Ligand SMILES: Cc1cc2nc3c(=O)[nH]c(=O)nc-3n(C[C@H](O)[C@H](O)[C@H](O)COP(=O)(O)OP(=O)(O)OC[C@H]3O[C@@H](n4cnc5c(N)ncnc54)[C@H](O)[C@@H]3O)c2cc1C
């Protein structure tokens, strides 16, 4: 006799957790199969930001995703009694007069004015050098991803709905209305494996790209920050006198080790504006699951319709995954078609 669930989820990163909560909060049963936080979600700074601060543009569907984020994470907080959502504004350090003018021009655009201050802001903090001042972004913040995933795994584990193991594809059986895995069955299985999707026999044909990111944790005694500072790297207050500095982007070197090059890049950019001494206390790396068109991969396999993929969150999983999980849920249970831009049918999907 097999134990029945509505879905089985493979992977317990930010994407898998978003799915699990979306289903649970809608009264569905979930089994998560995961190897506990070995993916990029455990190194993510967890920042959510509806704007792209390199080019001063808006993230695709930014307002919808942000609205949903502010609805979604507080619902989970109620379930697990743990707070991992930390709203905090971002100050974009402006590099020269040209950037000041670009900010002023872009910040009045309809899709950006909700988030970008129209005025140039000053910030009275002698530890940060910013001769051209800042543009302020609101509606931003960070999610403590490790806390979020730990609480999620514990919550589902307490209900015997978390299986800690490497998923074994040899144990997976597909039939018309069901999938079976070991002693469990469900109507669908959803794969949320992050970059490890490249080893999934059913979805490895999708063009997922890896993008390695590295981030430092530094200790800066005496630094008080009321904002996340974004320059060519970001500096984010974490706890006490610990701060995060990140991140690098590298599509060529996907090695599973932190590098001296990344460390040098991050510290050299940081020292352009941080005027206090600091000590590096940690250096982490991970591979982001990115896609060329910056849209996630969501949808069913053509030949195995009960096999579903949910991946490609790129560098914005915290903001994108809750919204995308809702899109998937609505397509399965409410007959609302998936947004074409996230549907894997945009590729040759066999
Ligand atoms: C340095 C860095 C900084 C970042 N900063 C941010 C940020 O500030 N904000 C933001 O939104 N995003 C950020 N990101 C991106 C973010 O980390 C990713 O988008 C996100 O982690 C992707 O989540 P995921 O659940 O799809 O994948 P993952 O986090 O990789 O999770 C997948 C999980 O599935 C498990 N798994 C895979 N295959 C199997 C299997 N066969 N059996 C069992 N388990 C399996 C993996 O081990 C892993 O635990 C950052 C990334 C990096 C590297």
Quiz item: Quick one: would you say residue 11 is surrounded by 19 or more Cβ atoms within 10 Å (Cβ to Cβ), near the ligand (Cβ under 6 Å from one of its atoms) and at positive phi?
Solution: yes
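This table checks each residue for (1) within 22 Å of residue 214 (Cβ to Cβ); (2) part of a helix (DSSP H, G or I); (3) assigned by TED's automatic domain parsing to the domain that holds residue 311.
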position: 9; (1), (2), (3): no, no, yes
position: 27; (1), (2), (3): no, no, yes
position: 33; (1), (2), (3): no, no, yes
position: 66; (1), (2), (3): no, yes, no
position: 83; (1), (2), (3): no, no, no
position: 92; (1), (2), (3): yes, no, no
Self-check item: Extreme residue, surrounded by the fewest Cβ atoms within 10 Å (Cβ to Cβ), among residues of segment 176-212 that are farther than 21 Å from residue 13 by Cα and free of Cβ contacts under 8 Å to residues at least 24 places away in the same chain
Solution: 176
Quiz prompt | Elements of type strands (runs of 3 or more DSSP E) contained in segment 139-203, each with 3 or more residues being within 12 Å of the ligand (Cβ to nearest atom) and closer than 19 Å to residue 31 by Cβ | solution = 162-164, 184-191
Quiz item: Hey, among 28, 2, which residue is at pLDDT 95 or above, away from the ligand (no atom under 12 Å from the Cβ), surrounded by fewer than 19 Cβ atoms within 10 Å (Cβ to Cβ) and more than 14 Å from the chain's Cα centre (by Cα)?
Solution: 28
Quiz item: So residue 52 fits all but one of (1) within 16 Å of the ligand (Cβ to nearest atom); (2) surrounded by fewer than 20 Cβ atoms within 10 Å (Cβ to Cβ); (3) over 17 Å from residue 231 (Cα atoms); what number is the exception?
Solution: (3)
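Residue under question is residue 209, and the condition is that it be more than 21 Å from residue 76 (Cβ to Cβ), more than 11 Å from the ligand (Cβ to nearest atom), over 23 Å from the mean Cα position of the chain (by Cα) and modelled with pLDDT of 95 or more; does it hold?
No.
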Quiz item: What number goes with the only condition from (1) in contact with a strand residue (DSSP E or B) (Cβ under 8 Å, 6 or more places away or on another chain); (2) assigned by TED's automatic domain parsing to the domain that holds residue 39; (3) within 14 Å of the ligand (Cβ to nearest atom); (4) not in a loop (DSSP other than H, G, I, E, B) that residue 322 does not pass?
Solution: (1)
Quiz item: Does residue 286 satisfy the condition of being within 13 Å of the ligand (Cβ to nearest atom), assigned to a loop (DSSP other than H, G, I, E, B) and within 23 Å of the chain's Cα centre (by Cα)?
Solution: no
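Residues checked against (1) touching a helix residue (DSSP H, G or I) at 6+ places or on another chain (Cβ under 9 Å); (2) assigned by TED's automatic domain parsing to the domain that holds residue 238:
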| position | (1), (2) |
| --- | --- |
| 258 | no, yes |
| 261 | no, yes |
| 267 | no, yes |
| 328 | yes, no |
| 334 | no, no |
Quiz prompt | Residue within segment 90-111 that is surrounded by fewer than 20 Cβ atoms within 10 Å (Cβ to Cβ), touching a strand residue (DSSP E or B) at 6+ places or on another chain (Cβ under 9 Å) and in contact (Cβ under 8 Å) with a residue 60 or more places away in the chain present | solution = no
Quiz prompt | Test: residue in segment 235-252 that is within 10 Å of the ligand (Cβ to nearest atom) and surrounded by fewer than 16 Cβ atoms within 10 Å (Cβ to Cβ) | solution = yes
Quiz item: Is there a residue being closer than 30 Å to residue 152 by Cα and touching a helix residue (DSSP H, G or I) at 6+ places or on another chain (Cβ under 6 Å) anywhere in segment 59-67?
Solution: yes
Self-check item: Residues of segment 327-349 classified as within 21 Å of residue 28 (Cβ to Cβ) and within 16 Å of the ligand (Cβ to nearest atom), total
Solution: 3
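The values are calculated or read from the model by the stated rules, or taken from the named source; none is laboratory data. Everything numeric in this text was worked out from a predicted model, so none of it was measured. We place every Cβ from the backbone using ideal geometry, glycine too, and count neighbours over all the protein chains shown.
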